[in-house]
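The values are calculated or read from the model by the stated rules, or taken from the named source; none is laboratory data. This is a predicted model, so every value here is computed, not measured. Glycine gets a Cβ as well: all are built from the backbone with ideal geometry, and neighbour counts include every protein chain shown.
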Amino acid sequence: MFMKKLKGKYAKEVAKQVEEMTLNVLNEVNPQAKTEEATTESLHLINGRRKALFIGINYVGQKGELRGCVNDVVNIKEFLEQRYELEEKMILTDDPKTEPETDFTPTRENIIAAFRWLVKDAKKGDSLLLHYSGHGGRVKNTDGTEKSGYDQTVVPVDHGTAGQIIDDEVHDVLCKDLPEGVRLTAVFDCCHSESIMDLPYIYNINGNLEIVESTRNEMVAKLLAGGAAVLLERRHKKFALLKFGKDIAGAAREAKASKDGRSDEAIAQHMEENTTAADIIMFSGCKDDQTSADATIQGEATGAMSYALITTLKKHRGENLSYTDLLREMRRSLEGRFTQVPCLSAGRKLNLNQPFTI
């Protein structure tokens, strides 16, 4: 940002030197940066059964009641059934039209049981789908494994008495033991959902891992806070470049030594532990520090992210829309109307520029 302040004949020279220093330090921080995309793996072929779980919770009669989550389940299910043969499916909602207190009421116990049902006996070639629309929450993390300092949560209909389901438990039940060759596609349309499955790899709209991008942003923020405006004055040019070089190197090494209080070793260990054998891909409604909108669009109550997902897939029907294309188009659909930013993550380093399918 501060580069826009540069004026005169030194601007290009400074910009070139800044770019070179930035790349050099980024390579020191993450020597794998240049090969991140090249080392991603292809998705396994889907040639087995398709199994789907849909969960929609409006929290009828409770504080924080929602209106569009049950509609999301109905709409997503109908849309997918028009395109795919779902051999097995389960639906959990608190729709007043269904009988209360059944195995299909989205209580904490029933949601976890449904998670187990979804992944039970999964084999190579199977495709599993999970769609959740409801409240997402945050609770203080106690084991130091969360960058944000919080665990993200699924909020069951009986959360007041039974408690929430933290991301560690979601990961352990759905992801941990899922075998290689199985594909699990998850959609979480809820608040604070970016890491609700505790998946280690987050992607940007170009299909690259966001680890490098996050490191760069942290360094730039530190530099701006440190005041690189000295570049404005010609007589300070050499000093400014020297100071910039020291600042960016210092910021990078600080980020390398301690990311939000955790060492590189701790981060690497957590990522390794949560890397999955299966092809697990999640679209989430927003970043961990954001909320997802329960909206009214074209006269119908709906989750904004679920609506964007369906409309994007309908708009590009028949096209080989990739996972990252889908992410980009969903973000465009919501941009300007909602503050939330949908995210894409995976259980291992996958090439998500491949065509989307379930």
Output for Cβ contacts, cut-off 8 Å, separation at least six or different chains, first residue at positive phi in the stretch 335-358, second crowded, with 19+ Cβ neighbours inside 10 Å, reads none
Within the stretch 295-347, the count of residues that are among the basic types (K, R) and either outside the structural domain of L80 (by TED's automatic domain parsing) or closer than 24 Å to V74 by Cβ (or both) comes to 4
Restricting attention to the stretch 79-134, the residues that are assigned to a loop (DSSP other than H, G, I, E, B), among the β-branched types (V, I, T) and surrounded by 14 or more Cβ atoms within 10 Å (Cβ to Cβ) number exactly 2
The condition of being surrounded by fewer than 23 Cβ atoms within 10 Å (Cβ to Cβ), more than 30 Å from K314 (Cα to Cα) and either in the same structural domain as K63 (by TED's automatic domain parsing) or not polar (S, T, N, Q) (or both) holds, among V173, V157, only for V173
Residue pairs qualifying under the 7 Å Cβ cut-off, at least six apart or on distinct chains, with the first in the stretch 181-195 being at positive phi and the second being assigned to a loop (DSSP other than H, G, I, E, B), are G181/H44; G181/K124; G181/G125; H192/D288
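Residues to consider are G64, G48; find the one that is small (G, A, S), within 21 Å of L129 (Cβ to Cβ) and modelled with pLDDT of 90 or more.
G48
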Within the stretch 76-130, residues being closer than 19 Å to I57 by Cβ and in contact (Cβ under 8 Å) with a residue 12 or more places away in the chain number 26
Condition (residue is touching a Lys or Arg at 6+ places or on another chain (Cβ under 8 Å) and at pLDDT below 95) applied to the stretch 3-13: is it met by at least one residue? yes
Scanning the stretch 270-327 for residues that are without any contact (Cβ under 8 Å) to a residue 12 or more places away in the chain, under 30 Å from E41 (Cβ atoms) and not charged (D, E, K, R) gives G318
The lone condition E65 fails out of (1) within 24 Å of the chain's Cα centre (by Cα); (2) part of a loop (DSSP other than H, G, I, E, B) is (1)
Taking the stretch 346-357 and the residues there that are buried (at least 17 other Cβ atoms within 10 Å of the Cβ) and in contact with a helix residue (DSSP H, G or I) (Cβ under 8 Å, 6 or more places away or on another chain), the one that is nearest to C175 (Cα to Cα) would be G347
If we keep only residues of the stretch 306-345 that are in contact with a strand residue (DSSP E or B) (Cβ under 8 Å, 6 or more places away or on another chain) and not in a helix (DSSP H, G or I), then the residue surrounded by the fewest Cβ atoms within 10 Å (Cβ to Cβ) is N320
